[in-house]
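The structure under discussion appears below in the form of structure tokens.
Any read-out appearing in this document is the output of simple, stated calculations on the displayed coordinates, not a laboratory observation. Quick caveat: nothing in here was measured; it's all calculated off a predicted structure. Because the Cβ atoms are built from the backbone with ideal geometry, glycine has one as well, and the counts that use them run over all protein chains shown.
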Amino acid sequence: MSRVICWFSAGAASAVAAKLTLQDHPEAIPVYCETGAEHEDNERFLKDCEAWFGKPVTRIKSEDFEDTWSVWEKRKAMAFIHGAPCTMELKLKPRLAFQKPDDLQIFGYTADPGDTKRAMRFKERFFEVRMKAPLIERGVTKAGCLAILEDNGIKPPLTYALGLPNANCIPCPKATSPNYWALIRKEWPEEFERAAKLSRKLGARLTRIDNERIFIDEIPEDWPVTEAIAPACDFMCAIAREDAA
């Protein structure tokens, strides 16, 4: 019998996608790729989700790299035009090693325009994968996912409240917004300073202002930070809320 794999990222969307899938497929396996670089509150969120799911989350990890910093330093790069080496080494390779050809793979892509495009690109690149995006099918947005968690008494990862749109690694070199890096500088000054020094060493201009690529330590001190996503709900989300209860 083929497996149903729910790729759990310790974020709101993947959590809701997994919960909805487990309602129909109790045998589904939530799987988490450990990167060694996420906010410590993600671990609390993961455990809360295990209680919500009614089953443990399987953890997989790179055999070659401890965290994002080890990838960047060894690969001598923080980000490429179409992605980042840390994504390849810490998420993609462990996933490819874990998955089986006949798995049905569940992803937390939401109905937000940017996510639907990412889902389409995934299908085009990994056409051999049997994938499903239940949030897109149900029309559930990122804000809707936060509302569903709130309904179920689950506090989202702390990074959401601080203004980040996800629960990714801190910092994430794929982020090009100066607002994002201004927030990292404000909330995680040590990580920002470390990233600034490494990016200078590697010649990585990670952000842009007025269409000009610059180093993150060139962002003006008074630059505005990213705003948090507030929980919201529409008709489609209301249906999903009942299903996830």
Report task. Would you list, by chain and number, the lysines whose Cα falls below 24 Å from the Cα of Lys174, excluding same-chain residues fewer than 8 positions away? Result -> Lys61, Lys74, Lys76, Lys91, Lys93, Lys117, Lys123, Lys142, Lys186, Lys197, Lys201
Query - Radius, Kirkwood style, for the chain when every pair of distinct Cα atoms is counted (Å) - result: 18.8
Report task. With only alpha-carbon atoms counted, please give the Rg and Dmax of the range 1-46, in Å. Result -> 11.5, 36
Report summary line: Rounded to the nearest 10, the angle in degrees between the Cα long axis of helix 113-125 and the longest principal axis of the Cα atoms of the chain comes to 80
**Report entry** Charge tally in the Cβ shell below 15 Å around Glu193, where Lys, Arg are +1 and Asp, Glu are -1, Glu193 excluded
**Finding:** 0
Report task. Under a cut-off of 16 Å between alpha-carbon atoms, report the aspartates and glutamates in cross-link reach of Lys155, not counting same-chain residues fewer than 8 places apart. Result -> Glu40, Asp41, Glu43, Asp48, Glu50
Query - Residues whose placed amide H lies under 5 Å from that of Thr207, excluding near-sequence neighbours - result: Ile214, Ile216
Query raised in the report: What nm value, rounded to one decimal, do you get for the distance between Ala51 and Lys117 when each label is placed 7 Å out toward the C-beta?
Result: 3.9
Report task. Could you tell me what percent of the DSSP beta bridges with both partners in the chain are antiparallel, to the nearest 5? Result -> 25
Report summary line: Relative to the compact-globule estimate 2.2 N^0.38 Å (N residues), the Cα gyration radius of the range 1-133 stands at a ratio of 1.06
**Report entry** Between 0 and 90°, nearest 10: helix 178-187 axis offset from the chain longest Cα axis
**Finding:** 90
Report task. Relative to the compact-globule scaling 2.2 N^0.38 Å, provide the ratio for the alpha-carbon radius of gyration of the range 178-218. Result -> 1.07
Query raised in the report: Roughly how many nanometres apart are two label points built 7 Å out from the Cα toward the Cβ at Ile214 and Phe80?
Result: 2.8
**Report entry** Karplus-derived 3J(HN,Hα), 6.51/-1.76/1.60, for each residue of the range 90-97, Hz, glycine and proline x
**Finding:** 9, 10, 5, 4, x, 5, 5, 6
